[in-house]
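The block underneath contains the structure these notes are about, expressed in structure tokens.
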Amino acid sequence: MKAFVFKPSNQPVGKFDLQTIDDVTQALMKFGEVHSIAPYYYVECSGRTWTLVSGADGLDLVEGRVMPPTQDFGASSDLKSKSDAMHRYSDAYLTASFIIGVGSFIQVVGIIFGLISAIPSFVGAANERGGDVFFFAMIGIGCILVFGFGFYITGVIAKAVGQILRATLDSAVHTSPFLNTEEKALVLKLRR
């Protein structure tokens, strides 16, 4: 059977053969004689995972995936500090809130504009004393549907875009290697 070795960043290092699962440690040590291996490299074989960790006698193999204490796998060069990351996330949350606010504004304007555009038709229908009452009423209802409903749906779409941006940011902040738990909590409080 084959076992595969990966860096903590999930980059493949290589693979080796073993007879049984119980031979993982010995086969990995042989693999390490030819290939460079380091702490937090991990091995996958037959649906199981082991991680290399620093032990008293060098490297030890423990079952499961153990992540390094700090993850800095090719961090962006423009993120010079944690405050840069926090600033970037807070600006993005501000943008998402602005988009949601614009969507709400468009919805309200749509309803008001639809009703205002229909008023002349309903006034005309009220003053008409013949067969044109139906015609004026239909124009009024058409104005409400076209202007009011059209703007309202546009506002709903804009708000949805803002909410999707917020959800994406929530996921990005939660999994960010640039922030610790307290900083993530602080950034998530800024989302409102």
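Being among the β-branched types (V, I, T) and buried (at least 16 other Cβ atoms within 10 Å of the Cβ) is a property that holds for I37. Of all residues assigned to the stretch 144-155, none qualifies as being within 30 Å of P68 (Cβ to Cβ), in a helix (DSSP H, G or I) and in contact with a Leu (Cβ under 7 Å, 6 or more places away or on another chain). When A158, A92, A118, A96 are checked against the criterion of being farther than 18 Å from L188 by Cβ, surrounded by 15 or more Cβ atoms within 10 Å (Cβ to Cβ) and under 21 Å from the mean Cα position of the chain (by Cα), a single residue qualifies: A158. The residue that is modelled with the lowest pLDDT, among those in the stretch 156-192 that are charged (D, E, K, R) and part of a helix (DSSP H, G or I), is K189. Selection of strands (runs of 3 or more DSSP E) fully inside the stretch 15-133 by the criterion of at least 3 residues being of a type outside the set (G, A, S) and modelled with pLDDT of 85 or more returns 42-45, 48-55. Residue-level check: of (1) out of contact with any Pro (no Cβ under 7 Å at 6 or more places or on another chain); (2) at pLDDT below 85; (3) not hydrophobic (A, V, I, L, M, F, W, C), P8 misses just (1).
The values are calculated or read from the model by the stated rules, or taken from the named source; none is laboratory data. Predicted model only: the values in this text are computed from it and were never measured. With ideal geometry, Cβ positions are generated from the backbone for all residues, glycine too; neighbour counts draw on all protein chains shown.
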